[in-house]
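One structure below.
The values are calculated or read from the model by the stated rules, or taken from the named source; none is laboratory data. What you see is a predicted model; the values in this text were computed from it and never measured. In this analysis, Cβ positions are derived from the backbone assuming ideal geometry, glycine residues included, and neighbour counts consider all displayed protein chains.
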Amino acid sequence: MYVRRERPGEEQAVHEVHAAAFRRDRESLEEPVEAGLADELRSTGAAIPRLSLVAVVDAAIVGHVVCSRGWIRGDDGVDQPALGLGPIGVLPDHQNRGIGQAMMHAVLGAADALDEPLVALLGEPAYYSRFGFEPSPGHGIAPPDTAWGDYFQVRTLTAHRPGVRGTFRYAAPFDGL
């Protein structure tokens, strides 16, 4: 298994990863919102190509993670750049093999190398804490929806400035969820 950037022409394989990974019932024909979100992030230009990564096993795409531009709006009304992570998905037959973990380490390392200050996500604290994510209020960052509580988390990177505080805002495709 290796992790690399998503390439043009791999859109359908990425869509299928998220459709399978997030489908509540394997027999269901209902399309999970995460599959459409990944498509919309790419088609609107919200996805950051250097932070759209795939996991490959035996020449097949089995996982995908993407970051998009987000912002932290301070009390002064000025937006500071940040990243929103997600969706991240792995085909069900390849889950629990370290693929998601490898993609997380790769995307966080790439984001840090690009001098991004912070990555935010909505997810299970018990899982994402292993990657250094912490509840956002501890960093002075409010979630877009206060009901998210500790599930909205941030991971600061090298370029983070602790004085940047405010409310996080995801890229526009997240607004419709």
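Note on region 133-143: among residues that are in contact with a helix residue (DSSP H, G or I) (Cβ under 9 Å, 6 or more places away or on another chain) and assigned to a helix (DSSP H, G or I), the one that is surrounded by the fewest Cβ atoms within 10 Å (Cβ to Cβ) is P137.
With respect to the conditions (1) in contact with a Gly (Cβ under 9 Å, 6 or more places away or on another chain); (2) assigned to a strand (DSSP E or B), L108 falls short on a single one, namely (2).
Okay, residues lined up against (1) in a strand (DSSP E or B); (2) closer than 24 Å to E134 by Cα; (3) at pLDDT 95 or above; (4) not β-branched (V, I, T):
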residue: R7; (1), (2), (3), (4): no, no, yes, yes
residue: A19; (1), (2), (3), (4): no, no, yes, yes
residue: R42; (1), (2), (3), (4): no, no, yes, yes
residue: I61; (1), (2), (3), (4): yes, no, yes, no
residue: G89; (1), (2), (3), (4): yes, yes, yes, yes
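In this entry, E30 passes the filter for residues that are more than 27 Å from D115 (Cα to Cα) and over 18 Å from the mean Cα position of the chain (by Cα). Selection over region 88-115 of residues that are among the acidic types (D, E) and surrounded by 22 or more Cβ atoms within 10 Å (Cβ to Cβ) gives a count of 0.
Here T158 meets each of (1) free of Cβ contacts under 8 Å to residues at least 60 places away in the same chain; (2) outside any helix (DSSP H, G or I); (3) β-branched (V, I, T); (4) touching a strand residue (DSSP E or B) at 6+ places or on another chain (Cβ under 8 Å) with one exception, condition (4). Of the residues R130, R97, the single one that is assigned to a helix (DSSP H, G or I), modelled with pLDDT of 95 or more, of a type outside the set (V, I, T) and out of contact with any Asp or Glu (no Cβ under 6 Å at 6 or more places or on another chain) is R130.
Residues that are under 15 Å from E11 (Cα atoms) and touching a Phe, Trp or Tyr at 6+ places or on another chain (Cβ under 9 Å) within region 47-93 comprise A55, V56, P87, G89, listed in sequence order.
For every residue, the table says whether it meets (1) of a type in the set (S, T, N, Q); (2) surrounded by 15 or more Cβ atoms within 10 Å (Cβ to Cβ); (3) within 19 Å of G100 (Cβ to Cβ).
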position: L118; (1), (2), (3): no, yes, no
position: D145; (1), (2), (3): no, no, no
position: R155; (1), (2), (3): no, yes, yes
position: G166; (1), (2), (3): no, yes, no
